[in-house]
Amino acid sequence: MMMIRRMKLLIVSDIHANLEALEAILAESHDELWVLGDLVNYGPNPREVVDLVRSHASLVVQGNHDYAIGSGSDPQCSNDFREMARAMQEYTEPLLDADQRAFLRSLPRTAARTIDGYRFLLCHATPAEPLFRYCPAEAAQWAPEIEGLQADIVLTGHTHLPFTMNLEKLRIVNPGSVGQPKHGAPMACYALWDDGRLSLQSCRYPVEETVKKILSLPIPIGIRSQLAAVLLSGFPPGRCEQLAI
């Protein structure tokens with residue numbers, strides 16, 4: 001009897017130019033890489049991350065920071081990150097060549113794919129507002145977002161907080177953030193679709209190497225310290241402990 005080989009998908013979001021974290025996740029065996037946006041900003045290696053995603057990913061959707069860097073506009077991020085985003089955007093934009101910026105600018109807002117008989121919808125924020133809306137893992141918040149949606153599984157990012165939630169006949173999955181986790185641990189987060197099962201995963205990466213790069217960037221010392229504290233704590237600025245860096 002012929003065996004049916006199922007797909008093994010590596011699903012990531014919010015890499016934010018963290019090369020070490022992305023490389024650690026890519027060590028996981030997989031058939032395809034799907035990326036839910038925000039390849040760039042906040043991290044020290046935007047060029048390398050863009051090139052790595054372009055060479056490895058089968059599906060990529062646009063995040064708010066991809067849009068902002070690609071078009072020179074406001075990423076409309078949360079207040080705690082606004083100053084960091086502005087400083088890092090000024091650092092990032094000159095590093096990318098015209099082709100890389102055009103790639104970020106041309107990414108689709110959503111993507112659809114059917115794997116193993118399941119209909120997937122990919123977006124960065126929400127299906128109705130793919131770039132900017134922060135939607136917590138609450139049924140009341142997500143119900144209007146999925147009304148009339150022709151999908152079995154929605155893959156979303158943007159909040160940097162991993163979750164999985166069943167709502168009506170649909171499953172919503174956020175893999176969390178590869179490059180700037182906010183769930184309280186300095187570990188790169190991702191999701192894995194393997195033989196029809198979808199699970200949330202995380203792995204250690206050499207965060208100290210990324211922090212060392214950030215602390216050497218030509219940006220204000222206060223911004224460097226904030227970015228480093230977020231990576232080392234795995235919390236957003238308001239919850240970071242005072243770290244001696």
Partners for Lys169 among aspartates and glutamates (Cα-Cα distance below 19 Å; same-chain residues under 8 apart left out)
Asp116, Glu138, Glu145, Glu147, Asp152
Around Leu149: net Lys/Arg minus Asp/Glu count, Cβ-Cβ under 11 Å
-2
Going Cα to Cα from Lys182, which aspartates and glutamates come in below 16 Å? Please leave out same-chain ones fewer than 8 positions away.
Asp14, Asp38, Asp80, Glu241
For a quick protection proxy, order the peptides 118-128, 78-88 by their average other-Cβ count within 10 Å, most packed first.
118-128, 78-88
Quote the Stokes-Einstein diffusion coefficient, in whole µm² s⁻¹, for the chain, based on the Kirkwood radius over alpha carbon pairs, a temperature of 37 °C and a viscosity of 0.692 mPa s.
183 µm²/s
Burial ranking of peptide ranges 144-151, 11-18, 97-104 (average Cβ count within 10 Å, highest at the top)
11-18, 97-104, 144-151
Using DSSP, restrict attention to beta bridges with both residues in the stretch 95-161 and report what percent are antiparallel, rounded to the nearest 5.
65 percent
For Lys213, which aspartates and glutamates qualify as cross-link partners when the Cα separation must be under 18 Å and same-chain residues fewer than eight apart are set aside?
Glu20, Glu23, Glu48, Glu90, Glu93
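Every read-out reported here was derived from the displayed coordinates using simple, explicitly stated rules and does not represent laboratory data. Everything numeric in this text was worked out from a predicted model, so none of it was measured. Cβ atoms come from the backbone with ideal geometry, glycine included; neighbour counts cover every protein chain shown.
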